[in-house]
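Visitor: After the structure tokens below, expect a handful of questions from me.
The values are calculated or read from the model by the stated rules, or taken from the named source; none is laboratory data. It should be emphasised that the depicted structure is a prediction, and the values quoted were computed from it without experimental measurement. Positions of Cβ are generated from backbone atoms using ideal geometry, with glycine treated the same way; all protein chains shown enter the neighbour counts. Ligands, DNA and RNA are stripped out before the accessible areas are found, and what is left, the full protein with its side chains, is counted by its heavy atoms. Shrake-Rupley method; radii C 1.70, N 1.55, O 1.52, S 1.80 Å.
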Amino acid sequence: MDDKLTERIRHDAECLAVDCFYAEKAHLSYAAALHRLAIWGGAVAAILAAEAGLGGIADMLPATAIGVLALLSTVITTYITAAQPGELSEQHHARGVDFNTLRLKLRRFIHIELEMPNLDPQLAMAKLGELASQQYDLAKQQPPTPSGFWYRRAKKSVAKGDELYQRDEALAAVGSATDA
């Protein structure tokens, strides 16, 4: 295959791998944060409810304090129930794993398939198109995220120049040929 075409396909595959790398890390990070919210939110709600109950039973707290504790416990419990951070955490974790799997497919494509002698350029471009389509499908099926947070994060990333796909980012995403 033409070396120039191979390098262009390799570059596009590396860019796609970097996109998958960032999506993977973002989803796994968000999943961990949601998991912590579910655990800590539930624990705080239980502690507040217990404190309100014990304070009322032992007549240790004034009625206003017991009411405030009970109200806070109810608000936290209602939020945890409605927002379902545990379920969202599982969805984001699964999506992060999906992006990781796609990134590993891209790594294999870059370091093994593109290195095959007499590689048909049409097959290589079709394979890259298939991998890009998988990335698009994953992105379309993302679980809900707080858009303001992700917008600010993306804006900061663009301002730093992350969209330029630096060589070290591609190496982080796909590794070197000796790692494959």
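Visitor: Treat each spin label as a single point 7 Å out from the Cα along the C-beta direction, and report the Ala126 to Ala32 distance in nm.
Guide: Simple spin-label model gives 4.1 nm for this pair.
Visitor: Further question: Could you sort Thr77, Thr6 by their accessible area in this structure, using a 1.4 Å probe and putting the largest first?
Guide: Highest to lowest solvent-accessible surface, that is Thr77, Thr6.
Visitor: For each pair in Lys4/Lys127; Lys4/Lys25; Lys4/Lys140, compute the distance between the two Cα atoms and list the pairs where it is over 22 Å.
Guide: In this structure, Lys4/Lys25; Lys4/Lys140 lie more than 22 Å apart at Cα.
Visitor: Here is a follow-up. Ranked highest first by average number of other Cβ atoms within 10 Å, how do 43-50, 103-110 line up?
Guide: Ranking, from highest mean packing down: 103-110, 43-50.
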